[in-house]
Amino acid sequence: MSKQLYLSSSPHIHSGDTTSKVMRAVLYSLLPACAVAVYFFGPAALTVLLIATLGCLATEVVCQRLMGQPVTIADGSAAITGVLLALNLPPSSPWWLTLLGAVIAIAIGKQVYGGLGSNPFNPALVARVVLLISFPVQMTTWSSPTPFGSGLDLVTTATPLGEWKNAVMLTGQMPPELQSGMVDYFLGNMAGCIGEVSALALLLGAGYLFYKRILTWHIPATFVGTVVLFSSVFWLASPDKYPNPLFHLLTGGLVLGAFYMATDMVTTPVSTKGMLFFGVGCGVLTVLIRLFGGYPEGVSFAILLMNAATPLIDRYTRPKTFGTSGQGATS
Amino acid sequence: MAQHIGAPAVASVEVGQSVAKGQEIGSAKGFVSVPVHAPTSGEVVAVESRPHPWGTSLPAVVIKPDGEDRWTADLQPGDPSALSVDDIVEKVRLAGVVGMGGAAFPAHVKMSPPPEKKISTLIFNGVECEPYLTADHRMMLEEPERILQGVALLKYVFGADRVVIGIEANKPDAIALLEKECAGAPVEILPLQVKYPQGAEKQLIAAVTGREVPSGGLPMDVGVAVHNVSTAAAVADAVLFGRPLIERVCTVTGPAIREPKNLRIRIGTPLSHLVEVCGGLTEDPGKIVLGGPMMGFTQLGFDVPATRGTSGLLLLRDEDVDRQEEGPCIRCSRCVQACPMHLLPTTIAAYSRRDLLAEASEYCAMDCIECGSCSYVCPATIPLVQAIRYGKAAILAKKRNS
């Protein structure tokens, strides 16, 4: 035999699924949401998407060069962070804000911890929350969706959740018309972050990820389910004041959060049981923040808080080893 | 001479001696050991160390066949109705029968559980142990009588109440045939989910009985004994005809072989001959694997002999060899979901690689069955099972030294 023979320890075959293939599939799955964003918010959304994505890629290159590490932007993870960040920003976000977000996401959210796989918090959400706290005005200036062509200037408005919070603070009552636009909310015809408006587009993408077995039901189902159940309690107790579960589901960042942000593999538990705890925790915190917190939206904070709890959850939800009654070693 | 798990046999013939097929050429040493027999008649041309599939040179007896393939005269057929349990076990030991699934553990040891361990369920493994391999499937299709004779003998030996032949549901022909052959007999044919590693002993027991073999324990601890269907056939040969284990079925397959086949091979046949019989290679192989793709051993070449544990010879092309560079763990948890022992492979592997053996042990490293599923699914292509294997060896070494 003329050629080299490989000697190695088994196994000798591999599924062929690699990290970059997984990342690429996630990117594809975000395309419908990006398309809807551009449809409703026009060039403004496209600009935010481009700046955030390119900003994240550039930051990753700069960080890795500075640290003398191999540049790994080809794995696709920085691009995903960029797209997710963009989807979490308002369409009117100025270019410097978007770029700052990209730098924060990659440099502070990811690379300082050691890069891919080592960050405890979802990088895109770290950036969103830092921006939200540092630049509250720019981050909460919302635009009305204007399907292409209908007007060049974006009209400033409030998100449905924001409207509700203002009304309840002022009058203690919920304006009844707020709950009448569910179809628009589902399609994305409402004010909000670029990517969170259309539940339909997000679910399309998530369906693809389920099909590719990249997403499992555990976190999205428990997250959404908990929000529905928990918010129902308040709604049933006081329907004049609290919005119904469908409103919680379709407005704000719940769908984006539950299917894309809370399912980030790196920052969530590894065991099935742990994922269920994680989803429930996210759901409870989201409802509490939405109904009783200072901010109208609580998805980002809820996920980040649960990210912080992930090591603890992992510790207490270790799967029961086959043939043992508990988790401890017997030998 | 190293044909089984346990102490290798010791050569009992000399150079120049002529031997008959089935004649003992190596004698057992200790309880967990079995004798080795001449696979054909001929002349002993060397008794020396030769390359062995385990990767080193080990003691061997080299026989030049005379082409007559003449059986030894002292085969002792047995009448099952006249034999006691101890007689049967002794005949199995003398015939050198070992587990044919690939591990090659001496069968008589498994057939002699301590009296306080009552075996209530006897399971026959008709689940192909690994992808690519189809040797057990062919055995079930072509020799159901031999298998069922062995099943009856083993049922008698163990006094088991329940006898189950577990077969993966993707072999409906084997299931139908054995069901027909077993009609009226107290033997269940149980179709099982097609899911690697269904053929692993502990997983098979859980699938059939719902019982989990305790960590560090043996099947007998839950009242179960497991034998491969091909082992049952070998037991039948040994007891009914006095024939020693000198042949087995081996799957020769993979993208680099011209005509993949299941062959009935004599133990000791050089691999190069198996390749020849299968029409040769389509190209220079990238990897030569003895056994299956998930747990088999790579070989340096074709000049080693097939052993009693050689369930397959897998030839991969250069392009089939995975050379993806390892990336960081993205905590995707695929290894956790894949692990049949419900371990955290990524955690144990990380500890093992840093020589944090106490921690690896705490995460049940020793319960790993090394099926390779974690490495197979890992998108970052981290050598998980390889690292865990290292960790296990280091933990054992430390225990021995302390």
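Of note:
- Between residue A:210 and residue A:5, the simple spin-label model (points 7 angstrom out along Cα→Cβ) gives 4.9 nm.
- On full extension, the segment bounded by residue B:396 and residue B:46 gains 122.4 nm, given 0.36 nm per residue less the C-alpha separation.
- When the solvent-accessible area of the protein assembly as shown is split by element, carbon and sulfur atoms take up 61 percent of it, the probe being 1.4 Å.
- Part-to-part distance (alpha-carbon centres) for the range A:26-103 and the range B:327-386, which is given in Å: 33
- Accessible area of the protein assembly as shown divided out per residue, in Å², using a probe of 1.4 angstrom: 41
- Using just its DSSP H runs of length 4 or more, each adding -39500 (n - 2.57), chain A gives a mean residue ellipticity at 222 nm of -17500 deg cm²/dmol after division by all residues.
- With at most 15 neighbouring Cβ atoms within 10 Å, loop GluC sites (Glu not before Pro) (DSSP) excluded, longest segment of chain B: B:117-282
- If you plug the beta carbon distance of residue B:300 and residue A:35 into 1/(1 + (r/R0)^6) with R0 = 45 Å, you get a FRET efficiency near 0.20.
- Counting only cysteine Cβ atoms and a cutoff under 4.7 Å, chain B contains unmatched residues B:129, B:182, B:250, B:278, B:329, B:332, B:339, B:364, B:368, B:371, B:378.
- With a 1.4 Å probe rolled over the protein heavy atoms of all chains, the accessible area of B:137, B:227, B:273 falls in the order B:273, B:137, B:227, largest first.
- Taking a ≥ b ≥ c as the square roots of the eigenvalues of the Cα gyration tensor, the range B:1-141 is prolate, since a/c reaches 1.5 or more and a/b is larger than b/c.
- Sorting A:217, A:164 by accessible area puts them as A:217, A:164; the probe is 1.4 Å, largest comes first, and only protein heavy atoms count.
- Cut-off 14 Å between beta-carbons: net charge of the residues surrounding residue B:69, Lys and Arg +1, Asp and Glu -1: +2
- Efficiency of FRET between residue B:188 and residue B:74 - r from beta-carbon atoms, R0 41 angstrom, step 0.05: 0.60
- Remark: the protein assembly as shown projects, on average over all directions, an area of 38.5 nm² (convex hull of Cα atoms).
- Extension gain, residue A:69-residue A:113: 0.36 nm per intervening residue step, less the Cα-Cα distance, totals 14.5 nm.
- Residue with peak Gaussian network fluctuation, chain A [Cα springs, cutoff 10 Å], from A:116, A:27, A:256: A:116
- Most positive-pole-ward Cα, A:313, B:35, B:167, against dipole of the protein assembly as shown from beta carbon charges: A:313
- CD proxy at 222 nm, helix term only [per DSSP H run n ≥ 4: -39500 (n - 2.57); per residue of chain B; nearest 500]: -8000 deg cm²/dmol
- Chain B: antiparallel DSSP beta bridges as a percent of all, rounded to 5: 60
- In Å², nearest 10: area of residue A:275 left accessible to a 1.4 Å probe: 20
- A probe of 1.4 angstrom, applied to the heavy atoms of all protein chains, finds residue A:28 with accessible area near 120 square angstrom.
- For the range B:10-65, alpha-carbon Rg relative to the globular expectation (2.2 N^0.38 Å, N residues): 1.11
- Accessible area of residue B:173 in the full protein assembly, 1.4 Å probe (Å², nearest 10): 70
- Translational diffusion of chain A, µm² s⁻¹ [Kirkwood Rh, Cα pairs; Stokes-Einstein; 10 °C; 1.306 mPa s]: 76
- Computed label-point distance, nm, for sites residue B:103 and residue A:46 using a 7 Å Cα→Cβ extension: 6.4
- Theoretical gain in end-to-end length, residue B:58 to residue B:117 [0.36 nm per residue, Cα-Cα removed]: 17.6 nm
- These residues, A:9, A:180, A:271, go from largest to smallest accessible area, 1.4 Å probe, as A:180, A:9, A:271.
- By DSSP, the beta bridges lying fully in the protein assembly as shown are antiparallel in about 60 percent of cases.
- Average silhouette area of the range A:166-246, convex hull of alpha-carbon atoms, in square nanometres: 6.3
- Buried area at the B-A interface (accessible, heavy atoms, 1.4 Å probe, summed, Å²): 4600
- Across peptide A:311-323, the mean count of Cβ atoms from other chains lying within 10 Å of each residue's own Cβ comes to 5.
- In the range A:1-97, trypsin sites (Lys or Arg not before Pro) in a DSSP loop with at most 12 other beta-carbon atoms within 10 Å: A:3
- Out-of-range pairs (alpha-carbon distance over 30 Å; input B:110/B:398; A:320/B:117; A:21/B:287; A:165/A:273; B:202/B:399; A:21/B:399): A:165/A:273; A:21/B:399
The values are calculated or read from the model by the stated rules, or taken from the named source; none is laboratory data. These numbers come from a predicted model, not from an experiment. Cβ sites come from the backbone with ideal geometry, for glycine too, and all protein chains shown count toward neighbours. Ligands, DNA and RNA are excluded from the accessible area calculation, which covers all protein heavy atoms including side chains. Shrake-Rupley method; radii C 1.70, N 1.55, O 1.52, S 1.80 Å.
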